[in-house]
1. In square nanometres, what is the average projected area of the Cα convex hull of the chain?
2. So if R0 is 41 Å, what FRET efficiency would V261 and L62 give, r being the distance between their Cβ atoms, rounded to the nearest 0.05?
3. Please grab the % of Cα pairs in region 212-254 that end up more than 17 Å from each other.
4. Under a straight-distance cross-link criterion of Cα-Cα below 19 Å, which aspartates and glutamates are reachable from K2, leaving out those fewer than 8 residues away in the same chain?
5. Translational diffusion coefficient of region 1-62 at 25 °C, 0.890 mPa s, Stokes-Einstein with Kirkwood Rh over Cα pairs, in µm²/s as a whole number.
6. Based on the mean of other Cβ atoms within 10 Å per residue, sort peptides 134-145, 94-105 so the most packed one is first.
7. Probe radius 1.4 Å, ligands and nucleic acids ignored: give me the carbon and sulfur share of the accessible area of region 1-98 as a rounded percent.
8. Which three semi-axes in whole Å describe the equivalent ellipsoid of region 137-233, each the square root of 5 times a Cα gyration tensor eigenvalue, listed largest first?
Amino acid sequence: MKIGISCYPTHGGSGVVASELALQLANNGNEVHILSYATPFRLTEYHPNILLHDIEVGVYPLFKYPPYALGLATKMAEVAQDYNLDILHAHYAVPHATSAYLAKQIIGGDKIKIITTLHGTDITLTGADPSFKRVVKFSIEQSDGVSAVSHYLRDRTCEEFEIPKDKIEVIHNFIDANRGMRRNTACRRNQYAPNGEKILMHASNFRPVKRTTDVVRIFQRVHEQIPAKLLLVGEGPDRILVQQVIRDLNLQNDVIFLGQVDFIDDLLKCADIFLLPSEQESFGLAALEAMNCAIPVIGATTGGMAEVVVDGETGFLFPVGEISAMAKAAVELLHDSEKHIKFKENARKRAVHTFATDVIMPQWDQFYARVLNG
Ligand code: GMT
């Protein structure tokens, strides 16, 4: 199969999922073409079956907003024709699904199939914005196959865009269960916790939706009761705000900002608990990455989080903003080493049994086959 995958290259879940899918497809002998405005960070290593195509967007003083969707559609049409692609797979609907639709019309409607994978904010935030909504609905409807990363996201999309449920397939995000094991670059615990402190960790793009100040406030409550350190991984608009809260709470000596890290597995191996108290999370890939490294997750019962984290088994989920309850659960888990070990085992088991590559990839293979034959 020859497949074009378009995605955002930045440190967001959708780009990670698209890249991991590209790698699996390429490993299985498919020819994969990546269409993105930069090389996605998980695809910087050479792979004989992966070809990278940068999107060029013409600049002109008249353009207050560079027409990225048109540059992408042009490149999609060119690559689809030049390489005789079977499928164009758009990750994140805005604007990738629309560009794919346009490319399909340019090269002749019956020559290629389009798949759109919905990731979350493309439905809940950007896609639902009145300035895009009609075009997003149209682009989803016109796709030959549509997938969503959770049941929650499928239901939300059907409700928001009045799309029939059977139009959207749920395929959960997956993880290479052995990825962390293959790397020998794990952090050393005593580098961050020299006096045997417990380590809490959070990783995200520090956007308001992640409620990163909640992370610090949860940590403050834990820190009052247990010697602990907080590792913060990632970059984003709320970092400055978070740093201010850290100073206000006088936690500078116990919170470590690590910035952008490509493989958080290296750091997760040092963590005791992963915090993800987001306002919205259609899936929560970071929670899955933590569980894969046997780290229990404490977070918010939002979106698709309960499809990933089993409350009371692989972590604890509470309503958004319930930071005291989240802190209490963390303290209890850290105080009870037997329970903590059990949760660690459960977390890893759930990641491997439910979300590993060999569980989810056959679902993709079947989905591609159905769309191609449909
Ligand atoms: O979470 C973000 O802000 C990034 C965003 C993205 O599209 O890159 O993540 C979304 O897609 C991820 C991969 O499918 C999901 O794991 C995240 O839960 C989802 N984020 C939200 O729904 C807020």
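1. Averaged projected area of the chain's Cα convex hull equals 18.9 nm².
2. Calculated value: 0.55.
3. Summing the P(r) tail past 17 Å for region 212-254 gives 22 percent.
4. Within reach: E20, E31, D54, E78, D82, D86, D110, D144, D365.
5. 205 µm²/s
6. Going by the mean number of other Cβ atoms within 10 Å, highest first, we get 94-105, 134-145.
7. Ligands and nucleic acids excluded, carbon and sulfur give 54 percent.
8. 40, 19, 10
The values are calculated or read from the model by the stated rules, or taken from the named source; none is laboratory data. Nothing here was measured: the structure is a model prediction, and the numbers come from that model. Note: ideal-geometry Cβ built from the backbone for every residue, glycine included; neighbour counts use all protein chains shown. Just so you know, the surface numbers come from the protein's heavy atoms only, side chains and all, with ligands and any DNA or RNA stripped out. Shrake-Rupley method; radii C 1.70, N 1.55, O 1.52, S 1.80 Å.
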